[in-house]
């Protein structure tokens, strides 16, 4: 039996959003591809930096499916280090700090968790590591209206990082991209304008199944 391994962020993870886990695309793949052993290693808040940490776990896989990128590229109010420090503070102090910073800052790609050049390096390292495997990379989804209202420059960041994915993949025949070019992304997402609803998970599962 061939092996499929999934590395994703919260889009491929069983997050507590009220959606039945059996309706998420990794679970749907198990129904659509009964001839494959599917191992889901997705974790919420994963970035492309995780590729180096899981490489040793993937030596037996035949097909690698990746859905990572939004956590890398999203414009932020705080850097990753600042967020870690704030998270350790008592809530009454952290809330005060956040309120004060919001008066002086807006979300910026200067504080994105993974800079474009590092994202590109991580992708190339992944594609080279799995040169003898099949890699299916689900590109970063477009942002829905709610997401854009909370983070106005998010779509430009998504476009920039998706262009990096295109650039890195074009010279690798074993890498295949899955791109949801949807004008009505809100029909496929939850209220937050990004995480998938049942219709969105079904669509991705169908695209991945066709690619496999």
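Quick notes on this one:
- Packing rank of 60-66, 94-100, where each peptide gets the mean count of other beta carbons within 10 Å, highest leading: 60-66, 94-100
- Of all DSSP bridge pairs formed entirely within the chain, close to 10 percent run antiparallel.
- For the pair residue 93 and residue 160 in one chain, pulling the backbone fully straight at 0.36 nm per residue adds 20.6 nm over the alpha carbon distance.
- For the pair region 121-139 / region 155-212, the C-alpha centres are spaced 16 Å from each other.
- Length-normalised contact order of the chain in % [C-alpha pairs under 8 Å, at least 6 apart]: 24
- Descending Cα extents along the principal axes, region 61-141, whole Å: 51, 22, 20
- Stokes-Einstein D in µm²/s, Kirkwood radius over Cα pairs - the chain at 10 °C with 1.306 mPa s viscosity: 88
- Folded to 0 to 90 degrees: helix 154-169 orientation relative to the chain principal axis, Cα: 30
- Listed by Cβ neighbour count within 10 Å, with the fewest neighbours leading, 30, 199 appear as 199, 30.
Since every read-out is calculated from the coordinates, none of them should be taken as a lab result. Quick caveat, the model's predicted, so the values are computed rather than measured. Note: ideal-geometry Cβ built from the backbone for every residue, glycine included; neighbour counts use all protein chains shown.
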